[in-house]
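The values are calculated or read from the model by the stated rules, or taken from the named source; none is laboratory data. This structure is a prediction, so every number in the text was calculated from the model and none was measured. We place every Cβ from the backbone using ideal geometry, glycine too, and count neighbours over all the protein chains shown.
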There are 2 protein chains.
Amino acid sequence: MRILGIDTSLRSSGYAVVEAKSGRIKAVEYGVIRNPSGRPHSFCLREIHDHLRHLITQTAPEAAAIEGGFFFKNAKTAMILGEARGVAIAVCASAGIPIYEYSPRSVKQSLTGFGAAQKDQVARMVMTILGLPDLPQEDAGDALAIAICHLQSRSGIPELQEKPI
Amino acid sequence: MRILGIDTSLRSSGYAVVEAKSGRIKAVEYGVIRNPSGRPHSFCLREIHDHLRHLITQTAPEAAAIEGGFFFKNAKTAMILGEARGVAIAVCASAGIPIYEYSPRSVKQSLTGFGAAQKDQVARMVMTILGLPDLPQEDAGDALAIAICHLQSRSGIPELQEKPI
């Protein structure tokens, strides 16, 4: 089973495709969609849109997983994140891929057994589970973590099972 | 010149394509992308995505105009609107269409000469300018108004001229 994990933001969105096969999880592809500051807003969203469409065509994931359950004080920040997130969700949905949402706590719980784990503990678990030679870049690591979380929730950690959004 | 006007929201997004030709403005197409309550979130965003892509292919607008300059108290509402808005922006940008943003005040000013005009005054001006037989549905009317605002700002109301986003 192939899962696309996405950690969206306007300037730096992590993406990852992971695959479970014969009881092992391996990384098929992962990286970061970067939008340098100064690039017009609409160009950033186009980059996220076109990059994810291409990735889905190339890797054919069966489901996608994204972060949810955010809490913001600032409505403007929420709107900008919403824009990037909406693009990612629409691209997956338009390709017929169901999308599952996990809170940051669920992702940490799934990977480390501890919902309040530090970011670097999660990144090290990602590295260990996938047998990566190096720590992944931060946003790519978050995308790998959420994809692994989805695979693990599918294989029987009931409290993590989420409905498609 | 053909302009696509979009008034986005998750459940009801207005769209309109208007054309300026020989000193007159006419409506090419307009309507509302409806997402009934209960439809999953991702399906709503897919509907906006796929509908706008199809509309752009069919009508080939040269530029798009959307509302901007929102102020929200509630970050959750801002994020949901951001999602719908991000999809609209990405679809236009991915099709190579520049996107311009106007505040609600600029749209009202452009159509009625009065930035604090009532919604129904704006709708009646839309009806008059385009020679429509009936008042357009609310969200479609807002999309028509923003497209007309862009055409009028291009033809020389300097204080309304906005940069592409």
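Put simply, of A:His49, A:His41, A:His54 the only residue that is within 14 Å of another protein chain (Cβ to nearest Cβ), at pLDDT below 95 and closer than 20 Å to B:His49 by Cα is A:His41.
Note on the range B:24-52: residues that are over 26 Å from B:Leu135 (Cα atoms) and of a type in the set (D, E, K, R) amount to 3.
In the set A:Gly86, A:Gly113, A:Gly96, only one residue is modelled with pLDDT of 95 or more and surrounded by fewer than 16 Cβ atoms within 10 Å (Cβ to Cβ); that residue is A:Gly96. Scanning the range B:134-151 for residues that are in contact with a helix residue (DSSP H, G or I) (Cβ under 7 Å, 6 or more places away or on another chain) and not aliphatic (A, V, I, L, M), we see that the one that is farthest from B:Val28 (Cα to Cα) is B:Cys149.
Spot the failing condition for A:Leu81; the list is (1) within 9 Å of chain B (Cβ to nearest Cβ); (2) surrounded by 24 or more Cβ atoms within 10 Å (Cβ to Cβ); (3) of a type in the set (A, V, I, L, M), and only one is missed. Unmet condition: (2). Exactly one residue out of A:Asn74, A:Asn35 is over 14 Å from the mean Cα position of the chain (by Cα), surrounded by fewer than 23 Cβ atoms within 10 Å (Cβ to Cβ) and more than 22 Å from A:Glu101 (Cα to Cα), and it is A:Asn35.
Please verify whether B:Ile99 is more than 7 Å from chain A (Cβ to nearest Cβ), out of contact with any Leu (no Cβ under 7 Å at 6 or more places or on another chain) and of a type outside the set (Lys, Arg), treating the condition exactly as stated. It is false that B:Ile99 is more than 7 Å from chain A (Cβ to nearest Cβ), out of contact with any Leu (no Cβ under 7 Å at 6 or more places or on another chain) and of a type outside the set (Lys, Arg). Of the listed requirements (1) within 8 Å of chain A (Cβ to nearest Cβ); (2) without any contact (Cβ under 8 Å) to a residue 40 or more places away in the chain, B:Cys92 misses just one: (2).
If you take the residues in the range B:91-111 that are among the polar types (S, T, N, Q) and within 17 Å of the chain's Cα centre (by Cα), which one is farthest from B:Glu62 (Cα to Cα)? Among residues in the range B:91-111 that are among the polar types (S, T, N, Q) and within 17 Å of the chain's Cα centre (by Cα), the one farthest from B:Glu62 (Cα to Cα) is B:Gln109. Count of the range A:125-145 residues, restricted to those that are assigned to a loop (DSSP other than H, G, I, E, B), touching a strand residue (DSSP E or B) at 6+ places or on another chain (Cβ under 8 Å) and either under 13 Å from A:Ser13 (Cβ atoms) or at pLDDT below 95 (or both), is 2. Quick one: is A:Glu67 touching a residue at least 60 places away in the same chain (Cβ under 8 Å), out of contact with any Phe, Trp or Tyr (no Cβ under 8 Å at 6 or more places or on another chain) and within 25 Å of B:His49 (Cα to Cα)? For A:Glu67, the condition - touching a residue at least 60 places away in the same chain (Cβ under 8 Å), out of contact with any Phe, Trp or Tyr (no Cβ under 8 Å at 6 or more places or on another chain) and within 25 Å of B:His49 (Cα to Cα) - is not met. Would a scan of the range A:152-164 turn up a residue that is crowded, with 20+ Cβ neighbours inside 10 Å, closer than 30 Å to B:Asn74 by Cα, out of contact with any Leu (no Cβ under 9 Å at 6 or more places or on another chain) and in contact (Cβ under 8 Å) with a residue 12 or more places away in the chain? Looking for residues that are crowded, with 20+ Cβ neighbours inside 10 Å, closer than 30 Å to B:Asn74 by Cα, out of contact with any Leu (no Cβ under 9 Å at 6 or more places or on another chain) and in contact (Cβ under 8 Å) with a residue 12 or more places away in the chain, one finds none in the range A:152-164, hence no.
A single entry from B:Arg39, B:Arg11, B:Arg53 fulfils the requirement of being basic (Lys, Arg) and in contact with a helix residue (DSSP H, G or I) (Cβ under 6 Å, 6 or more places away or on another chain): B:Arg53. Taking the criterion of being surrounded by fewer than 20 Cβ atoms within 10 Å (Cβ to Cβ) and hydrophobic (A, V, I, L, M, F, W, C), the residues of the range A:1-24 that qualify are A:Met1, A:Ala20.
Would you say A:Ala116 is in contact (Cβ under 8 Å) with a residue 12 or more places away in the chain and either within 14 Å of chain B (Cβ to nearest Cβ) or out of contact with any strand residue (DSSP E or B) (no Cβ under 8 Å at 6 or more places or on another chain) (or both)? Here the answer is no, as A:Ala116 does not meet what is asked.
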